[in-house]
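The values are calculated or read from the model by the stated rules, or taken from the named source; none is laboratory data. Keep in mind it's a predicted model, so treat the numbers as computed, not measured. All Cβ positions, glycine included, derive from the backbone under ideal geometry; neighbour counts span all protein chains shown. For accessibility, only protein heavy atoms count, side chains too; no ligands or nucleic acids. Shrake-Rupley method; radii C 1.70, N 1.55, O 1.52, S 1.80 Å.
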Amino acid sequence: MTPERRRAIWAIYVWCRRTDELVDGPNASHISALALDRWESRLEDIFAGRPYDMLDAALSDTVASFPVDIQPFRDMIEGMRMDLRKSRYRTFDELYLYCYYVAGTVGLMSVPVMGISPDSRAATETVYKGALALGLANQLTNILRDVGEDARRGRIYLPQDELEMAGLSEADIFNGRVTDEWRSFMGGQITRARSFFRRAEEGATELNQESRWPVWASLLLYRQILDEIEANDYDNFTKRAYVPKAKKLMALPKAYLRSLMAPSSLTQSQRHYSSLT
Ligand SMILES: Nc1ncnc2c1ncn2[C@@H]1O[C@H](COP(=O)(O)OP(=O)(O)OP(=O)(O)O)[C@@H](O)[C@H]1O
Ligand SMILES: CC(C)=CCC/C(C)=C/CC/C(C)=C/CC/C(C)=C/COP(=O)(O)OP(=O)(O)O
Ligand SMILES: [Mn+2]
């Protein structure tokens, strides 16, 4: 990315990291709803050009230079509130909402910095939908990688109705035995995560040329975690799926080649029409 964009993405990363650290970090047990309310009013100050510390100031600078909207930042804080009060998800709809709050938001924050290619004929909405999809895909992958780790903290970020349909109970997650039921359940979850990566690809192609390589790289790298879960024969209870360094390095030239792909020259309705004729 250009140095300006790089610094802006860094400031967004730092803010997200600190937000996550409030509820996930070493002092998380001291963080109440009140602390999150305070964090949110501090966010309003950042956007109003009244940063509280130098890391906030980096974000104030970013939002002054790029057309970033405050809403996804508020929504991420809402996701932290949700994580404080909730440790089970009844349906995928419920899980989707959580994933939007904590990860889809990151995609929405990033697009105004990365920029859309002047050659793109796609609707702005299509690009944002792709960014949202990449956040969702990453979060779903993160959840599938960390099933065992989360269970040891008493948390299950998996749709209960789908577990039940696969013949699995909560006790099965806590016992952590890889059975055929688990393999088949995981297979379905992995397929769904991949479908979000697929939708993200359509958005990535429409981004500004200078921003495409890092986005393709992160997409290809994180998606490989799903392959590693399969390679571990779906044992995400006792193993952390890990992409080896060599494979990560190999993804970089692949990502570079993908980033050379030009944005679609057809609008969505033209694409739709040509697929019918
Ligand atoms: N080689 C890899 N294979 C699989 N996952 C990886 C690999 N390298 C990094 N990750 C994961 O990518 C995410 C972002 O990486 P980063 O180095 O920022 O870790 P982190 O967020 O500090 O780690 P943690 O997940 O423990 O909070 C993390 O979830 C990390 O575990
Ligand atoms: C595709 C288009 C058009 C644009 C790109 C838009 C972007 C940059 C999307 C990326 C979104 C993103 C990076 C979301 C983060 C999701 C995620 C898995 C966070 C989890 O990180 P960890 O720190 O490992 O989480 P835990 O440690 O809490 O498990
Ligand atoms: Mn983390």
* Structure fact -> Selection from region 1-35 of residues of a type outside the set (Ser, Thr, Tyr), within 16 Å of ligand 2 (Cβ to nearest atom) and open to solvent by less than 30 Å² (accessible area, probe 1.4 Å) yields 8, 11, 12, 14, 15, 16, 23, 25, 28
* Could you run through region 242-253 and say how many residues are within 16 Å of ligand 2 (Cβ to nearest atom) and either open to solvent by less than 90 Å² (accessible area, probe 1.4 Å) or closer than 9 Å to residue 217 by Cα (or both)? => 3
* To do: Scan region 178-185 and give yes if some residue there is assigned by TED's automatic domain parsing to the domain that holds residue 238, open to solvent by less than 50 Å² (accessible area, probe 1.4 Å), without any contact (Cβ under 8 Å) to a residue 12 or more places away in the chain and not small (Gly, Ala, Ser), otherwise no.
  => yes
* With (1) in contact (Cβ under 8 Å) with a residue 24 or more places away in the chain; (2) assigned by TED's automatic domain parsing to the domain that holds residue 204; (3) within 15 Å of ligand 2 (Cβ to nearest atom) as the list, and residue 92 as the residue in question, which single condition is left unmet? -> (3)
* To do: Could you please let me know if residue 60 is in a helix (DSSP H, G or I), of a type in the set (S, T, N, Q) and surrounded by fewer than 16 Cβ atoms within 10 Å (Cβ to Cβ)?
  => no
* From the residues in region 138-167 that are assigned to a loop (DSSP other than H, G, I, E, B) and open to solvent by less than 20 Å² (accessible area, probe 1.4 Å), which one is nearest to residue 217 (Cα to Cα)? -> 146
* Just one of the numbered conditions (1) within 27 Å of residue 85 (Cα to Cα); (2) within 16 Å of ligand 1 (Cβ to nearest atom); (3) in contact (Cβ under 8 Å) with a residue 40 or more places away in the chain; (4) open to solvent by less than 20 Å² (accessible area, probe 1.4 Å) is not true of residue 135; which one? -> (3)
* To do: Tell me which residues, restricted to region 64-88, are more than 22 Å from residue 36 (Cα to Cα) and either in contact with a His (Cβ under 8 Å, 6 or more places away or on another chain) or surrounded by 17 or more Cβ atoms within 10 Å (Cβ to Cβ) (or both).
  => 66
* Asked: Of 236, 232, 208, which residue is more than 24 Å from residue 131 (Cα to Cα) and open to solvent by 10 Å² or more (accessible area, probe 1.4 Å)?
  -> 232
* Structure fact -> Picking from 218, 264, 195, 184, the residue that is in a loop (DSSP other than H, G, I, E, B) and either more than 30 Å from residue 154 (Cβ to Cβ) or modelled with pLDDT of 95 or more (or both) would be 264
* State which residue is nearest to ligand 1 (Cβ to nearest atom) when the search covers only region 90-132 and only residues that are polar (S, T, N, Q) and outside any helix (DSSP H, G or I). => 91
